[in-house]
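Single-structure report; data block below.
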Amino acid sequence: MRNLYRILLPGMLAGFTSCAAAADLLALNDSCIAALRANEVPAATRDCTAAAAEAARNAKAPPNARALAHDNLGDLNLARGKPADAETNYRRAYAVRDRAFGRDSAELAVSLDKIGNALSRAGKDADAEPLFVRALNIREARLGAESSEVADSLNMLGVLAMKAGKPADAEAHFRRAVNIRAKVLGSKDVVVGRALANLGFAVQAAQGAKGAEAAEPIFRQSLAIQSAALGNDDPALLDPIESLGRVVRNKGDLLEAEALWQRALAMREKKFGADHVSVAIPLNELGLIYFAAKKPELSEQAFRRALAIRDKTLGANNILVAEVANNLGVLIYSQGRAADSLPALRHAAAVTHVGLGGNNPLTQSRWSNLQQALVAAAAQQAAAQPAAAGAAQKTAPAPKGK
């Protein structure tokens, strides 16, 4: 009997030790996930790093738990703007899943998507695309062509196609993803609403001059679904509200555009604060709307506030500062104040030239705006002189805004 104990006891203790280590890993994963969701970076760094170390050390822990630990640390690194580190973490998770489940397993597709996402965030879209395609093929074979996971892969391929300037391909991916999600989740699910927003962007880009008209009902459907699911004040509605706001502004429906962008402004101020850089987005749009509606005082107020926010948060030489400076300068010029428009137009042209280069069409347009304003300012100054009091003022062509 003593010999039997000598044989069994070490094995039993090893089993207990392995179970305890697995429990430790599960607990660390739970703590890591909780910290990530709460955006508690120090706690997430501590717990996610400890979990990944335990996953690497304890080969007997459940493979899903080990892979999840590496994935969680990768998610943290990706959120911290470290895609190369995230890729390393995701590849470790890939190795765990590959050994445990096989190269054609649905579990492995999770790692393929995550590695592809890290590569894309690092600017390596050409390396990311075959991984997304492989994940899609695995999921179609293992889970069926109309599974939610297939829709996930299609969404990633759609985003990649948009970045590559292939909106028609993106539209095909997004449209299929919408159909799958509506069938799996129901047509009123909030996830369907988000998928419709992606489809709207692709349709707008793919269909040229008719794109905005084709995308408008898609954006309206997206907003209606998400509003019904989340309530009218949820910050997640910002994207569909602003997408629809751009479309209706561009088609000239200024009253609805103003209402949408005022709603977006209030939501951004409430969520981020009145001086947050993102607040300048609806302010700039409102400036353009009031300009088109011939409300120059309101337009100038909106542009000046947007310019002050971007100048303070991004620095005077940022291309987004140049965007608002150009819009403000064009507005001032349109009011017959050519000399007053020169500082804004000069700054917009110079910053755009440095940022985009002298041959960029936007750079050339902004230099043209400045040149026309200089001609008009000189003519106005000459007309103001006593010797030129009776001379007719020469009118220069109106410069173009954004």
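Just so you know, all these numbers are worked out from the coordinates, no wet-lab data involved. The model shown is predicted, which means the values in this text are computed figures rather than measured ones. For neighbour counting, all protein chains shown are included, and Cβ atoms are generated from backbone atoms with ideal geometry for every residue, glycine included.
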Item to check | Using alpha-carbon coordinates, inclination of helix 106-121 to the longest axis of the chain, degrees | outcome: 30 degrees
Checklist outcome for this item: Taking a straight Cα-to-Cα line shorter than 17 Å from Lys82, and setting aside same-chain lysines fewer than 8 residues away, one finds Lys114, Lys124
Checklist outcome for this item: Options (i) 62, 53, 43; (ii) 83, 44, 36; (iii) 123, 41, 39 for Cα extents along the principal axes in Å; the value derived from the coordinates is listed as (iii)
Checklist entry - Where a ≥ b ≥ c are the square roots of the eigenvalues of the C-alpha gyration tensor, would you call segment 267-334 rounded, which needs a/c under 1.5, or, failing that, prolate if a/b is larger than b/c, or oblate? => result oblate
Item to check | On Cα atoms only, tilt of 125-143 relative to the major axis of the chain in degrees | outcome: 50 degrees
Next on the checklist: Is the C-alpha gyration tensor of segment 265-388 telling us rounded, prolate or oblate? Criteria: a/c under 1.5 is rounded; beyond that, a/b larger than b/c is prolate, otherwise oblate.
Outcome noted: oblate
Checklist entry - What is the dipole size for segment 215-290, taken about its Cα centre, with +1 at each Lys and Arg Cβ and -1 at each Asp and Glu Cβ, in debye to the nearest 20? => result 60 debye
Next on the checklist: Below 8 Å between Cα atoms, with a sequence gap of 6+, how large is the relative contact order for the chain in percent?
Outcome noted: 6 percent
Checklist entry - Is segment 308-371 best put as rounded, prolate or oblate by its Cα gyration tensor, with a ≥ b ≥ c the root eigenvalues, rounded for a/c under 1.5, and otherwise prolate when a/b is larger than b/c, oblate when not? => result oblate
Checklist entry - Roughly how tilted is helix 319-334, in degrees to the nearest 10 and between 0 and 90, from the longest Cα axis of the chain? => result 20 degrees
